1. Here are the criteria: (1) under 22 Å from Val62 (Cβ atoms); (2) out of contact with any Gly (no Cβ under 6 Å at 6 or more places or on another chain); (3) not hydrophobic (A, V, I, L, M, F, W, C). Tell me which single one Asp81 does not satisfy.
2. Within segment 215-255, which residues are over 20 Å from Gly200 (Cα atoms), open to solvent by 30 Å² or more (accessible area, probe 1.4 Å) and not basic (Lys, Arg)?
3. Within segment 143-154, how many residues are in a strand (DSSP E or B) and open to solvent by 20 Å² or more (accessible area, probe 1.4 Å)?
4. Strands (runs of 3 or more DSSP E) wholly in segment 29-92 with at least 1 residues that are among the basic types (Lys, Arg), at pLDDT 95 or above and open to solvent by 60 Å² or more (accessible area, probe 1.4 Å) - which ones?
5. Being open to solvent by 40 Å² or more (accessible area, probe 1.4 Å), within 13 Å of Gly94 (Cβ to Cβ) and within 12 Å of the ligand (Cβ to nearest atom): is that true of Glu122 here?
6. Take Met178 and decide whether it is open to solvent by less than 10 Å² (accessible area, probe 1.4 Å) and of a type outside the set (Asp, Glu).
7. Specify the residue that is surrounded by the most Cβ atoms within 10 Å (Cβ to Cβ); the eligible residues are those in segment 125-136 that are within 15 Å of Asp55 (Cβ to Cβ) and without any contact (Cβ under 8 Å) to a residue 60 or more places away in the chain.
8. Looking only at strands (runs of 3 or more DSSP E) that lie completely in segment 155-262, which have at least 1 residues being among the charged types (D, E, K, R)?
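The values are calculated or read from the model by the stated rules, or taken from the named source; none is laboratory data. Nothing here was measured: the structure is a model prediction, and the numbers come from that model. Cβ placement follows ideal geometry from the backbone for every residue including glycine, while neighbour counts extend to all protein chains displayed. Keep in mind that these areas ignore ligands, DNA and RNA; they rest on the heavy atoms of the full protein, side chains included. Shrake-Rupley method; radii C 1.70, N 1.55, O 1.52, S 1.80 Å.
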Amino acid sequence: MAQHVAEVDAAGLQRALDEPVAAVAAARFRELVARRAGGEPLQYVLGRWAFRSLDLTVDRRVLIPRPETEVLAELALAEGDRLGARRVVDLGTGTGAVALALAVERPDLAVWATDASAEALEVARANLAAVAAERPEADLAARVQLGAGEWFAALPSDLRGRLDVVVSNPPYVAEDEMAELPAEVHDWEPALALVAGDDGLRDIRTILAEAPTWLARPGAVLLEMAPHQVGRAERLARSAGFTATAVLPDLTGRDRILRARI
Ligand SMILES: C[S@@+](CC[C@H](N)C(=O)[O-])C[C@H]1O[C@@H](n2cnc3c(N)ncnc32)[C@H](O)[C@@H]1O
């Protein structure tokens, strides 16, 4: 928080430690400390957070991008490379983290980023504009489209059967698990980004059931979820017609990502 207020990096803060602090900066720092002491997540207090090479705006309208989702993006990139992908979609984009990372890291991709939350899409739109302005050579304005609506219904119908990769970190917390979440998550992050019905699989079920009609052949889906859900999700993918499935670990080695190929 001190770095943020002083607009310096860690080394700059060390150098500045013996220097007097302007009253306005001290007041701002106290305000941030009070918010943090009140339990607000650091990412919302700062209003920014890093995701892969991106520095994103983050506030209460969106889920805070997590490090494990950086692995989801990495696996989607690898799958896109394997398939020679041209068109990918990030369903439930939140900040736009996954969609923007894919678009920045693969300059030939056309990327769709969707969300059912109009507020989340406002944040994604702001992040798209900021990243596009920082990296004009990436031509993001032409390659990244935002779509409002429920899962695949947010996409233009002419994309049906033409997507190479579908990637999503959907809500996957069961209703009765909500009370067990840490207060920093439960009290601050949007419920729409977290809860997915009685068993937490409601949205994963929908995405896996609808993905085959939107995917080109060959194509693939990558989904983030909780470790206890991967077995059931893998069976759902097989029943939906996916022919090769794999469960892949996150940064801490926990089974968190389903890759399903068709
Ligand atoms: C777990 S958050 C993931 C956000 C972002 N992709 C990330 O990984 O940081 C799930 C996202 O799905 C969106 N969402 C929830 N229900 C949805 C639905 N029925 N259709 C589309 N998006 C939905 C939420 O608004 C939220 O942004």
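1. Only one criterion in (1) under 22 Å from Val62 (Cβ atoms); (2) out of contact with any Gly (no Cβ under 6 Å at 6 or more places or on another chain); (3) not hydrophobic (A, V, I, L, M, F, W, C) is unmet by Asp81, namely (1).
2. If the condition is that a residue be over 20 Å from Gly200 (Cα atoms), open to solvent by 30 Å² or more (accessible area, probe 1.4 Å) and not basic (Lys, Arg), then Pro218, Gly241, Thr243, Ala244, Leu251, Thr252, Gly253 are the ones that fit.
3. Count: 3.
4. Working: elements: 48-51, 54-57, 87-91.
Output list reads 48-51.
5. Considered against the rule, which asks whether it is open to solvent by 40 Å² or more (accessible area, probe 1.4 Å), within 13 Å of Gly94 (Cβ to Cβ) and within 12 Å of the ligand (Cβ to nearest atom), Glu122 comes out as yes.
6. No.
7. First pass over segment 125-136, keeping only residues within 15 Å of Asp55 (Cβ to Cβ): 126-135.
Going one step further and asking which of them are without any contact (Cβ under 8 Å) to a residue 60 or more places away in the chain, we end up with 128-129, 132-135.
Numbers: Leu128: 24, Ala129: 13, Ala132: 19, Ala133: 10, Glu134: 12, Arg135: 16.
Among those that are within 15 Å of Asp55 (Cβ to Cβ) and without any contact (Cβ under 8 Å) to a residue 60 or more places away in the chain, it is Leu128.
8. Fully inside segment 155-262 and qualifying: 163-168, 215-224, 255-261.
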